[in-house]
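Report on the structure given below.
Derivation of every value follows stated rules applied to the coordinates shown; laboratory data play no part. These numbers come from a predicted model, not from an experiment. No Cβ is skipped: glycine too gets one built from the backbone with ideal geometry, and neighbour counts run over all protein chains shown.
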């Protein structure tokens with residue numbers, strides 16, 4: 001309640017504060033509220049494993065005997081609330097510096113606070129009505145934040161695409177809730193779960209399909225992802241960090257809520273194909289997401305496509321858990337689900353870090369185009385260091401957090417080969433292969449992102465004039481970088497909280513004790529010691545520094561230019577560009593990319609004296625061209641045909657009403 005007061009006061013102060021120069025300080029109120037909420041959620045999760053723990057507080061407003069708006073905590077709800085609160089704390093501290101020179105601080109400040117509140121309400125909703133109200137509020141508020149740059153036509157188009165897709169998804173979610181209500185007579189999630197326990201698998205499967213499509217659209221799974229690389233870059237960077245790090249997790253939360261709680265749980269009867277669908281979708285999203293990220297020159301679009309990839313990894317674990325539950329492998333399912341939840345938290349940390357880091361880069365360079373950057377590490381050393389830590393984390397390299405969650409996902413998929421049916425072995429092993437390919441491609445994508453942006457020579461005057469961001473922005477990057485390192489070195493801090501959750505118990509995990517114990521799965525099937533890896537890497541680094549200091553004193557250090565092949569002076573044009581770096585992969589995956597190139601040659605005098613050559617290369621957006629454009633054209637044609645129904649004739653409209661009433665009466669009868 002105290003956290004809620006901070007957010008309400010922040011929104012009110014943004015509306016009434018007369019001095020524009022003071023508005024950016026109000027984000028510290030949001031940071032304080034998010035920090036208190038994070039403490040509350042962490043304590044609630046910790047109490048889950050304590051004997052005799054007090055029940056989580058709940059709030060309910062009864063509108064009628066059959067209708068109520070309720071908000072309550074629980075294991076899954078508190079976990080996602082903790083994820084939101086930590087990410088919101090970092091983004092709010094960052095915003096106090098980032099929004100200082102913003103053109104519309106009052107508008108964005110009010111909606112920023114409402115955005116965080118609406119996401120919190122989604123995670124804590126206890127019934128379908130409060131969930132839909134919160135979900136729609138989250139969608140509308142985030143839409144206004146996406147289109148906050150009113151002078152950008154791209155932002156307005158991105159907002160339209162986002163609004164269309166998110167409301168189509170909401171329609172599917174409403175359909176799932178209506179089916180559940182018709183079968184159970186309850187809008188409360190607990191009542192739905194109790195009422196659906198004995199219902200037919202056909203009904204449950206219909207609810208699952210509708211909810212998976214609706215929530216998957218918000219999560220950004222392939223092929224429902226086209227709004228994500230448009231909306232995230234259009235929003236301010238502090239909002240992009242929350243949209244990518246937290247909001248798309250609302251879709252993940254919805255899938256877990258419906259499949260693991262409303263439709264069943266450990267020991268309940270599951271349809272195996274549910275898990276196969278989720279796992280296959282996760283595999284496709286992870287591979288295609290990172291493949292399209294590789295081709296991007298826009299830094300924020302690259303990060304947005306990377307979010308599609310990481311949501312795919314989360315669904316790999318979730319789908320594997322559903323498959324294992326369907327065969328009664330509850331311990332193995334708990335491991336897979338723990339991996340998915342751990343990666344959800346990790347993604348919020350390192351993707352928030354990378355989006356906020358991209359905001360700092362844009363603040364210094366005034367561009368999102370990688371081809372206009374270069375050499376930023378010398379001019380923005382702290383931003384470069386923290387962006388590098390985020391890149392290493394997202395590439396799943398030790399000792400950072402991405403390594404732990406992807407390692408757990410790998411273990412669950414590999415152990416899936418012991419499940420009895422042959423097709424389960426094939427599906428899980430193919431999922432593991434997709435995850436391995438995704439990891440390799442992600443490394444290439446972020447070598448490109450960091451190398452082209454921060455290394456080499458500046459590619460333009462703006463890059464040469466870039467300066468480090470202010471203290472609040474840099475401090476929030478440091479906080480998230482530290483979280484990435486802590487969750488990688490000491491996974492037991494979070495895994496002990498996850499292990500207390502009824503749907504993600506780590507019965508197959510040997511130990512998650514801090515520092516003094518390795519992390520093992522399946523009674524010693526495999527394991528590693530995160531703290532020992534970090535200690536050995538740190539020791540090796542310190543040894544190199546000491547040896548360099550001892551032996552380096554005996555020689556005189558000289559500084560010289562890089563070897564220039566006999567050229568008088570190296571220029572930025574001689575560096576690898578973002579496009580050239582990924583050319584080999586564009587050739588390898590040309591069937592998917594369908595690359596297009598255009599070469600224009602201008603002559604002083606044909607055919608020998610060339611004055612200039614212009615080369616342009618692009619890829620074909622497969623989903624947009626071959627799925628959404630034909631679908632949009634079809635809808636447009638249908639709309640043109642049925643517009644004649646709106647003739648302006650009052651008797652005809654009364655006839656429509658009469659036919660509708662007759663149809664409803666027949667259905668009711």
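Compute the length gained on full extension between residue 153 and residue 47: take 0.36 nm times their separation in residues and subtract their Cα-Cα distance, giving the result in nm to one decimal. Before the final figure, lay out each step's value.
On the way: separation 106, 0.36 × 106 = 38.16 nm, distance 4.93 nm.
In short, 33.2 nm is gained.
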Which value, to two decimals, describes the C-alpha radius of gyration of segment 628-668 once divided by 2.2 N^0.38 Å? 1.61
Using every alpha carbon pair in segment 218-308, what percent of pairs falls into each 10 Å bin from 0 up to the bin containing the largest distance? 16, 42, 27, 12, 2
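Please rank 9, 484, 395, fewest neighbouring Cβ atoms within 10 Å first, as an exposure proxy. Numbers along the way, then the final one.
Working: 9 16, 484 25, 395 22.
Fewest-to-most Cβ neighbours within 10 Å comes out as 9, 395, 484.
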Using only the alpha-carbon atoms, how far is helix 153-184 inclined from the longest principal axis of the chain? Give it as 0 to 90 degrees, nearest 10. 30
If you wrap a convex hull around the Cα atoms of segment 119-234, how much volume per residue is inside, in Å³? 88
For segment 520-599 and segment 316-382, what is the separation of their Cα centres, given in Å? 21
Assuming a ≥ b ≥ c are the square roots of the Cα gyration tensor eigenvalues, decide whether segment 406-499 counts as rounded (a/c under 1.5), prolate (otherwise, with a/b larger than b/c) or oblate. oblate
Rounded to the nearest 0.05, what FRET efficiency is calculated for residue 369 and residue 433 with R0 set to 60 Å and r the Cβ-Cβ distance? 0.95
Mean residue ellipticity (222 nm) of the chain, computed from DSSP H runs ≥ 4 via -39,500 (n - 2.57), nearest 500: -21500 deg cm²/dmol
Between the Cα axis of helix 530-552 and the main Cα principal axis of the chain, the angle (0 to 90°, nearest 10) is 10
Hydrodynamic calc, segment 295-437: Kirkwood Rh from Cα pairs, then Stokes-Einstein at 25 °C with viscosity 0.890 mPa s, so D in µm² s⁻¹ is 150
Under a point spin-label approximation (7 Å from Cα along Cα-to-Cβ), what is the residue 661-residue 606 distance to one decimal in nm? 7.6
Restricting to Cα pairs under 8 Å and 6 or more apart, the percent relative contact order of the chain works out to 11
Sequence of 559, 593, 305, 94 once ranked by neighbouring C-beta atoms within 10 Å, starting from the fewest: 559, 593, 305, 94
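What FRET efficiency, computed as 1/(1 + (r/R0)^6) with R0 = 41 Å and r the Cβ-Cβ distance, is obtained for residue 591 and residue 104, rounded to the nearest 0.05? Each step should come with its number before you reach the end.
Details: r = 44 Å, r/R0 = 1.08.
Once the sixth-power term is evaluated, E becomes 0.40.
Can you tell me the alpha carbon radius of gyration of segment 316-390 divided by the globular rule-of-thumb value 2.2 N^0.38 Å?
On the way: Rg = 19.1 Å, N = 75, 2.2 N^0.38 = 11.3 Å.
This ratio for segment 316-390 stands at 1.68.
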Relative to the first principal axis of the alpha-carbon coordinates of the chain, what is the inclination of helix 650-668, with its axis defined by its Cα atoms, in degrees from 0 to 90 and to the nearest 10? 70
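Mind ordering 529-541, 27-39, 330-342 by average Cβ neighbours within 10 Å, highest first? Working shown, then result.
Details: 529-541: 14.2, 27-39: 21.6, 330-342: 26.7.
Result, highest mean first: 330-342, 27-39, 529-541.
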Mind listing P(r) for segment 535-635? All alpha-carbon pairs, 5 Å bins, whole percents. 2, 8, 8, 8, 10, 11, 12, 9, 7, 8, 7, 5, 3, 1, 0, 0
Distance histogram for segment 1-264 (every C-alpha pair counted, 10 angstrom bins, percent rounded to whole numbers): 7, 29, 33, 22, 7, 1, 0
Whole-number percent relative contact order across segment 542-657, with pairs defined as alpha carbons under 8 Å at least 6 apart: 14
When N counts the residues of segment 273-550, how does its alpha-carbon radius of gyration compare numerically with 2.2 N^0.38 Å, as a ratio? 1.06
Taking the simple approach of a point 7 Å from Cα along Cα-to-Cβ for both residue 620 and residue 633, what is their distance in nm? 1.4
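When you have a sec, figure out the Kirkwood radius of the chain from all distinct Cα pair distances and drop it here in Å to one decimal?
On the way: mean 1/r = 0.0375 Å⁻¹.
For the chain, inverting the mean 1/r across all distinct Cα pairs yields 26.6 Å.
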